[in-house]
1. For residues in region 599-653 being within 16 Å of Gly572 (Cα to Cα) and among the hydroxyl-bearing types (Ser, Thr, Tyr), which is surrounded by the most Cβ atoms within 10 Å (Cβ to Cβ)?
2. Of all residues in region 89-147 being assigned to a helix (DSSP H, G or I) and acidic (Asp, Glu), which is most open to solvent (accessible area, probe 1.4 Å)?
3. Pick out, from region 206-319, the helices (runs of 4 or more DSSP H) lying fully within it that include 3 or more residues that are open to solvent by less than 20 Å² (accessible area, probe 1.4 Å).
4. Please verify whether Ile807 is touching a strand residue (DSSP E or B) at 6+ places or on another chain (Cβ under 7 Å) and aliphatic (A, V, I, L, M), treating the condition exactly as stated.
5. For the condition at pLDDT below 95 and open to solvent by 50 Å² or more (accessible area, probe 1.4 Å), what is the one hit in Lys722, Lys805?
6. Let me confirm something: among Ser740, Ser782, Ser762, which residue is out of contact with any Cys (no Cβ under 6 Å at 6 or more places or on another chain) and part of a strand (DSSP E or B)?
7. Condition (residue is surrounded by fewer than 16 Cβ atoms within 10 Å (Cβ to Cβ) and either of a type in the set (Phe, Trp, Tyr) or more than 28 Å from the chain's Cα centre (by Cα) (or both)) applied to region 437-459: is it met by at least one residue?
8. Does Gly462 satisfy the criteria of being in a loop (DSSP other than H, G, I, E, B) and over 16 Å from Gln222 (Cα atoms)?
Amino acid sequence: MSSDQPNLLPLLQKLSTELEGALQFDSLIKTLYATDASVYREVPLAVAFPKSIKDIQKLIRFASENGTSLIPRTAGTSLAGQCVGNGVVVDVSKNFTQILEFNKEERWVRVQPGVVRDELNRFLKPHGLFFSPITSTANRAMIGGMVGNNSSGTTSIVYGVTRDKVISLNTILSDGEEVTFGELTRDEFEAKKGLNTLEGKVYQEIFQELEKEEARLEIHAQFPKKSIHRRNTGYAVDELLKSEIFEGEEKFNFCKLLTGSEGTLAFTTEIKVSLDPLPDPVDIVVAAHFETIHESMKSSQVAMKHPAAAVELMDKIILDCTKESIEYSKNRDFVEGDPEALLMVEFRGKTLEEALAKGEALVADLKANGLGYAYPVIGPERTASAWSLRAAGLGLLANIPGDPKAVACIEDTAVDIEDLADYIDEVDEMMEGFNQKPVHYAHAGAGEIHLRPILDLKTKEGVEDFYKISLASAELVKKFQGSLSGEHGDGRVRAAFIPLMVGEKNYELFRRIKFTWDPKNIFNPGKIVDAAPMNKFLRYEPGMETPVHKTELDFSATGGILRMAEKCNGSGDCRKLPGSGGTMCPSYMATRNERDAVRGRANTLREFLTRGEKENPFDHPEIKEAMDLCLSCKGCTSECPSNVDMASMKAEFLYQYQKTNGVPLRAKAFSHINELNEFGSLVPGIANFFLHNSVTGGMMKSILNVAPERNLPAISSVSLRKWYKKNYASLPGADKPIKSVYFFVDEFTNHNDTEIGIMAISLLKKLGYDVQVVDHQESGRSALSKGLLPKARKHAEANVKVFEKLIDGTTPLIGLEPSAILSFRDEYPRIVGKELVDAAKKLKFHVKLIDEFLAQEAAAGNIKSESFTSKEQKIKLHGHCHQKALSSVLWTQKILSLPANYSVETIPSGCCGMAGSFGYEKEHYEVSQQVGELVLFPAVRKADSDTLIAAPGTSCRHQIADGTGKKAKHPVEILWEALAI
């Protein structure tokens, strides 16, 4: 079944016209779906986005008639290669996303497979219920994928696994028949056996197989210990033995088999799951510190004797990775010293006292057993940030520098908790034989530690060790009667070892089950049975060189732009939805297209920069298409655990692409906006007339392809520089200034937001600061965003030269517009010439947003609440994307709270959607508005008429005005108007 069968192209084209949904088979879409979160890569024949049951039936018929296959996919976060194949990938994450039915009294919900786990729980929370399996990917993992993998997560020690929750499944069998599987009585089972259909055949076959005592004894002898509740190796025939049809008392339910079958037996369209009451509301975490891994393993056995809700491990390798992450370095303040491992144990209670009492009992027990050296208790207000470190483990591992990476191959083993310490000791001894010190993290309380060797899969030696380590691990797991897969599934990486794990007889049983359900092998072939060797179809071919591409921006910290793209390991954090909070990734949130997520863009760059054959490797329309809707928000810079910096890569791509294809007129105009505004400021009245009347303004919008719905920014009657020179000396201020500051007159404040700049300078002086303005160049932000990197470099170098001798720890440079002033902190050290790099790096530590500066001065006691009004005022705050990524909205919240009776609510919005010039561009206007409507616009519209809307970013304020008709103010405006001195 080759993915490039030319004879299928006309048939694919015909099929695409027959579906309600979409069928795509261009090179970009096949690139996007050639990988998942695993190490595998195989280019599919096509990608389908069905909208109905009939669509799926047509796809099944197509695969059956044309000798190809269907690979089901939801979020694509599978670690074992379950979503990779050369057939038709069927992505249900876009259209099969409905919560269909909910019964609060009976505690169940029926959903389509594309419903996101966390979205489902947001729906259920007001009813006091939740779907309890929680994976580290829960903010983008979908119920269909969780069923396919039998997902578990941190709470499985209390609530069990997904298999325990599945009540019924609506499926389509390989012959196109719609069948619902659920609990059956003996009589109902017999009736099913009597059906003269494929449904009847699967019941007949399983009865014939499992009624034999010899077969049942072989299952009991070869399968993992019954005490291991995370058991995902092969098909779960052992679970079927618990039914009254064979050995147990339960009703027979084929969902036990289908859950964890990785889409190899049937195509699931609806899922009915049981729900649990919400856990006790108050949670604390005991973060026990250990000097050895062995000690932490022993401690997990102690912890399991207590009423813990979760028992999770993080080792030193992962903890060290958090130090380099902008986002996660903020969340490790509870770490004491340099532990070899942390055991994070969650306790819950109806009150804080109840939760603390449970935690204190564990700490006393650990101390009594001489285990651990520190036991900080993390309170309810900080547990979410602490757990975010654990959840980010997979992505953080991509921050290991160089080509060797922590590889998922032995990461899913599970053993009896009583065997865990001895098992890990033997694993570590085994790994020493390969000159490896593996990464250890995850579900210690469940007997499952995610172990990862550090391997370079670009080398022949690395690929050989990939196999040898996996085989040695499988043999060791078998020795302990463990499960080779606890929750991640077999996929491609473990399927070849299933005969070793369950014995040849049980493996042949699996094959008979597979081909009874799926005689033509159309459902996800090569997973669980008849798998290819686990070291084939990898992302990289052994010995393949990593091309080095000369760039304008400096990517040397990651080994070049290609290795920056390669940092993306496919964990899919960029596919989270607005309800999860954060900025990344606004375009994906709006379109739900894989192409528009950071992962999709990184995969596209990796593919074409590695395998492209053009003289200019960036000159590919596929990269251009993938980059088109990137808003350069920088959300990924901080929120992506791997710190994939897509904004910088987009700027570099535009520069490189435009070297061959030229710079568009609009890009030239926007990147030279400062010069155009300088010219217009000579006669601002005339300039604004031409900008804003329908004839000339409309003509300009048409020529530049600007959205007609947009209002072009007006040019101020006087520039801020001119105002400063004329008026600063006469402004009221302190006789003895507290300190001097330099004010960065960015290009937007100078000509478009002059009034805000005036207020900022006046406020600073009134509060006792001497404000200096010197001649300097624009920030270069517009040039950066349009890929005019030589122009941006010129501005950056000039500004570094101006300020390097003026700015230090006592005399900072402060600015109003986040995107402009934070260029010093982000791009400047990576775009200036080598001779200025050190100066730029030094300078960035003394450059501050005005919000940061004022908040820090208030904390130092230099600015007091008494200087502001005592009136009451409500404020809703929307932070700028670059501020969230490179600074913090908390600074703004703090300064807006300086007036004693001002209450500030931060809107949980991501990007506003304007993103500089992005939202002005005609072809991007609709997406820009969709992004705004995700969270920001509804929150602004719901605000009371007397509530102020605050937004530090100039583009954010324009977007709010255009999208809601409401005026947003810069925080400085609000403080100036609140000043009482």
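The values are calculated or read from the model by the stated rules, or taken from the named source; none is laboratory data. Just so we're clear, the structure is a prediction, and the values are computed from it rather than from any experiment. No Cβ is skipped: glycine too gets one built from the backbone with ideal geometry, and neighbour counts run over all protein chains shown. Only protein heavy atoms, including side chains, enter the accessible area calculation; ligands, DNA and RNA are left aside. Shrake-Rupley method; radii C 1.70, N 1.55, O 1.52, S 1.80 Å.
1. Among them, the one singled out is Ser642.
2. Restricting to residues being assigned to a helix (DSSP H, G or I) and acidic (Asp, Glu), the top hit is Glu119.
3. In region 206-319, the matching helices (runs of 4 or more DSSP H) lie at 255-258, 293-303.
4. When the stated conditions are applied, Ile807 passes them.
5. Matching residue, one of Lys722, Lys805: Lys805.
6. After applying the criteria, what remains is Ser740.
7. no
8. Spelling it out, it is not the case that Gly462 is in a loop (DSSP other than H, G, I, E, B) and over 16 Å from Gln222 (Cα atoms).
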